[in-house]
Each structure stands twice: as C-alpha cells, then as structure tokens.
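S.K.: Starting off with a structure, shown below.
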Amino acid sequence: MPLTDPNLLADRRRLRRKLGFWRIAAVVAAIAVVGALALNLGGPDTGSDHIARIDINGVVTDDEALLEMIEDVAESQAAKALVVSISSPGGTTYGGERLYKALREVGKTKPVVADVRTLAASAGYMIAASADHIVAGENSIVGSIGVIFQYPQAQDLLDKIGLSIKEIKSSPLKAEPSPFHEASEEARAMIRSMVLDSYDWFVDLVAERRGMDRSAALRLADGSIFTGRQGLENGLVDAIGGETDIRAYLEGRGVEDALEIIEWKPANDPTRQLIGARALDLAAGFFGAPARISDEINRLTGGKLFLDGLVSVWQVGGEEAAEH
C-alpha cells in the first residue's frame, strides 16, 4: 500500500539520504585504505644498494622496535651506510646507552653519520656520539652532557591535609628516596654515588668518541648546551651543513654519491604490520582519529609520561637545565 502521509515520505527521504552518505563514506574509506596499502607494498626498495636513514625524534626510551631496526640495518648488505637524523632533548640514560651500543655495532661494518637537526642534547648527544661523523646546523643545539635523578616530595602536602604514611622496611635504604619524607643523608649519598657513576661513564664515552682528553670532556660536561657552531669549535661536532656534507663525507669513506637515501621505519605496531603504516595513517587521517593510542599519549604529554630511573635529558622550556 503506497505511503500518502507527507511526513512519513519526508522521513523516508531523510533516512535514504543518511544511508546513502554513510555508504559513500564507507566506500571512499575502503578505497583509500586499499590504495594506501598498495602504496605501502610498493614502498622504498631496501633490497637495492642505498644509504639507510633512521629518525630518532622526541624523548629517548628503551625502544625495542627501533633497536631491532638498527640491527637489521647492520645486517643488510644493501645498506652501504647509515645516517641517523636526531631531534631529541634526551631521555633515559639506559635508553640512550642501548641505542649508542646498537649504533656502534653498525659502525663496525659501515659508516655511520649523525645528522643533528633541531637538537641532540643529553642522551640525544650520547646517540650522536656513536657516529663516525657528526653534522649539525649552525643553530642546532648540542651538549647537555650529564645525568639527573628526580623524585617527587609530597611531605609538606601530606602534613597540610593531615595524612601520614607509615612504613616498615628491611633496612634504612630500602625504597629510598621516598616521596613521603625527606631523604636521609645516607639516601642522598647513595643516589649521588649512582648518578656520578653514570655521569663518569657518559664523560668517558664523550672523551673516547670525540678524541678528547678526559679533562677537556669534563669542561664541556657541566650541563651546558651549545649551538652547532660552538659545537664545531669545542669538538662536539665535526661539520656544519646537511645532506651535501653528509654525502661528501660518505664518498670519502667509499660510499657512492649516487646512492639513494632511503628512510627505514620500525614496524612496532601489529596493526601497522598487518595493513601497512601508510594505509593506517591515511585511514586515521580520514576518520580524524589517532592511529595508535600510544601516539596520542605521546602527543598530549610531550613524550615525558613514563620516564623512570636515571635520566639524561635537557628539559626544553622547563625551570631547570642542570644535569648533575
């Protein structure tokens, strides 16, 4: 029986329009994902001779996916050299140590160049020091050599609200320093000893890799930061420039200037591995949602949410820049 009620007819037309819109949107999204997947499958050919490039951006942490990729570069017969592009204020000292050692392994079989972009400070500079040659911009930031251990202190707040935390522990230094009371002199001495031991390791690393006397490295290791030009003068940087200078150095190491520089990316997400990074990123852009929750957390927190332990980091915009 045909509908004659004008209101019902209008409702049906609106419903059809809505359904039509979402059908079209679904088709467009599917085409976009499939197209991006095809592009991803037809991505850079890392099987042909090339110069590999990896990017290390943001806060340095213990990143297994990145370490695995660096190991793959070391084992690749097609990657004739490695360029490490760094834009990092540093991060965990342990994370920087692992990346440093992984890149030194690459350096045993092929040239490694550090390309310092905005900054390579603290653990970021530790990573740069692993390279055979460091290239920076005139106004890049380098240095901030040192280690810091931070912990919160909530005793005054607890006193104001009338709350106390009681504890029973096996020995005086267990779980020290505590956020619930002032650290004892013994606890301070323990932490300072640990920080200075890590600091000595960092200073020795810089002295060895930059061909300096330890006394010269110590003079630079007071937490100071330097421009690229200053770094060139004090020995923390080898050259000011960019890709042309990097290629010139690599050519001197026997790497053909004509080789393409190809960016390697870690496959650190199961979804990215399944459909490809380009497809996932394009789909995320289409729907206006983050591709990974971890990406969104890093964006909202500046990547500083989960730092723990000994830290080598230059806090951009923070109240303190002291490193030891």
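Each value in this text was obtained by applying a stated rule to the coordinates, not by laboratory testing. Here the structure is a predicted model, which is why all the values come from computation and not from measurement. In this analysis, Cβ positions are derived from the backbone assuming ideal geometry, glycine residues included, and neighbour counts consider all displayed protein chains.
S.K.: With a ≥ b ≥ c the root eigenvalues of the C-alpha gyration tensor of the stretch 85-209, is it rounded (a/c under 1.5), prolate (a/b larger than b/c) or oblate?
M.R.: Prolate shape, in that a/c is at least 1.5 and a/b is the bigger ratio.
S.K.: Starting from the Cα of residue 154, step 7 Å along the direction of its Cβ; do the same at residue 243; then give the gap between the two resulting points in nm.
M.R.: Simple spin-label model gives 5.1 nm for this pair.
S.K.: As an exercise, identify the trypsin sites (Lys or Arg not before Pro) in the stretch 130-190 lying in DSSP coil whose Cβ has no more than 12 other Cβ atoms within 10 Å.
M.R.: Sparse-neighbourhood loop trypsin sites (Lys or Arg not before Pro): 166, 169, 174.
S.K.: Residue by residue through the stretch 102-119, what is 3J(HN,Hα) from phi via Karplus (6.51 cos²θ - 1.76 cosθ + 1.60, θ = phi - 60°)? Round to whole Hz and write x for glycine and proline.
M.R.: For the stretch 102-119, the Karplus curve yields 5, 6, 5, 5, 4, x, 6, 10, 7, x, 10, 10, 9, 10, 7, 8, 4, 7 Hz.
S.K.: On a C-alpha basis, how far is the centre of the stretch 191-212 from the centre of the stretch 119-136 in Å? Whole number, if you could?
M.R.: 15 Å
S.K.: As an exercise, identify the trypsin sites (Lys or Arg not before Pro) in the stretch 58-115 lying in DSSP coil whose Cβ has no more than 10 other Cβ atoms within 10 Å.
M.R.: Sparse-neighbourhood loop trypsin sites (Lys or Arg not before Pro): 108.
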